[in-house]
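Working notes, structure below.
The values are calculated or read from the model by the stated rules, or taken from the named source; none is laboratory data. All figures in this text were calculated on a predicted structure; none of them were measured in a lab. No Cβ is skipped: glycine too gets one built from the backbone with ideal geometry, and neighbour counts run over all protein chains shown. All accessible areas refer to the heavy atoms of the entire protein, side chains included, with ligands and DNA or RNA removed. Shrake-Rupley method; radii C 1.70, N 1.55, O 1.52, S 1.80 Å.
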Amino acid sequence: MKKASILFMEFTVAIFSVVIVSNAQAQLMNHKDVTAAIAMTMAQTAIATCKNNGYAISVSVVGRSGELIVQVRGDDTGPHTVENSFRKAYTARTFRVASGEIVTRLKNDPAFALIHLSNVIANQGGLPIKFGEETIGGIGASGGPSGDKDEACVKAGLDKVADQLK
């Protein structure tokens, strides 16, 4: 009887251990991230696109958590373009929409409280970086004659790496 009780306890402990290990493995996350190489390609393409159109921009690329991956101050750009490009990229990443959509949200709701969070900006020129339907980063530009011009250049950067984001 004692031996059966000990065997039952050992069996219970073994099953419990398997359940704990299985649950721990189930909690691991598997996700895609923006690599430095992809970020640099997007930034270089955006800068080149704007340069070909006659204006200079600064570009920022942020990752999954809004962390800076690449930031380039374009030739002949103002010092504010660096911060502004980061804020556009950060806004696009954290809201998972084009930063220009925040302009619309703010117009529709002037009390939109999230606009006061650090690094959030209501300015066109930032786009989310998506892997399929998942937002894995953001890219933003500043320095063009208007936000739609900035956005067109970052769109060119995204288009350049589109095959790697499928």
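Does the range 87-105 contain at least one residue that is closer than 21 Å to residue 37 by Cα and part of a strand (DSSP E or B)?
no
For residues in the range 32-76 being over 20 Å from residue 93 (Cβ atoms) and polar (S, T, N, Q), which is least open to solvent (accessible area, probe 1.4 Å)?
49
Name the single residue, out of those in the range 32-69 being over 12 Å from the mean Cα position of the chain (by Cα) and not in a helix (DSSP H, G or I), that is nearest to residue 126 (Cα to Cα).
59
Select from the range 104-127 the residues that are open to solvent by less than 40 Å² (accessible area, probe 1.4 Å) and touching a residue at least 12 places away in the same chain (Cβ under 8 Å) and list them in ascending order.
So in the range 104-127, the residues open to solvent by less than 40 Å² (accessible area, probe 1.4 Å) come out as 112, 115, 120-122, 125-127.
Correct list: 115, 120, 121, 122, 125, 126, 127.
Could we say that residue 90 is hydroxyl-bearing (Ser, Thr, Tyr) and either over 16 Å from the mean Cα position of the chain (by Cα) or surrounded by fewer than 18 Cβ atoms within 10 Å (Cβ to Cβ) (or both) here?
The answer is no for residue 90.
Going through 155, 149, 160 one at a time, which residue ends up being in contact (Cβ under 8 Å) with a residue 24 or more places away in the chain, within 22 Å of residue 57 (Cα to Cα) and touching a strand residue (DSSP E or B) at 6+ places or on another chain (Cβ under 7 Å)?
Exactly one of 155, 149, 160 is in contact (Cβ under 8 Å) with a residue 24 or more places away in the chain, within 22 Å of residue 57 (Cα to Cα) and touching a strand residue (DSSP E or B) at 6+ places or on another chain (Cβ under 7 Å), namely 155.
Just the residues that are surrounded by fewer than 15 Cβ atoms within 10 Å (Cβ to Cβ) and either among the hydroxyl-bearing types (Ser, Thr, Tyr) or touching a residue at least 12 places away in the same chain (Cβ under 8 Å) (or both), please, taken from the range 77-87.
Our first condition is that a residue be surrounded by fewer than 15 Cβ atoms within 10 Å (Cβ to Cβ); within the range 77-87, this holds for 78-80.
If the condition is that a residue be surrounded by fewer than 15 Cβ atoms within 10 Å (Cβ to Cβ) and either among the hydroxyl-bearing types (Ser, Thr, Tyr) or touching a residue at least 12 places away in the same chain (Cβ under 8 Å) (or both), then 78, 80 are the ones that fit.
Suppose the filter is under 19 Å from residue 135 (Cβ atoms), modelled with pLDDT of 95 or more, assigned to a loop (DSSP other than H, G, I, E, B) and in contact with a Leu (Cβ under 9 Å, 6 or more places away or on another chain); does residue 120 pass it? Outline the logic, then answer.
Numbers: under 19 Å from residue 135 (Cβ atoms): yes; modelled with pLDDT of 95 or more: yes; assigned to a loop (DSSP other than H, G, I, E, B): yes; in contact with a Leu (Cβ under 9 Å, 6 or more places away or on another chain): yes.
So residue 120 passes the test.
Looking for whichever is assigned to a helix (DSSP H, G or I), open to solvent by less than 50 Å² (accessible area, probe 1.4 Å), of a type in the set (Gly, Ala, Ser) and within 20 Å of residue 39 (Cα to Cα) here; the options are 141, 156, 152. Which one fits?
The match here is 156.
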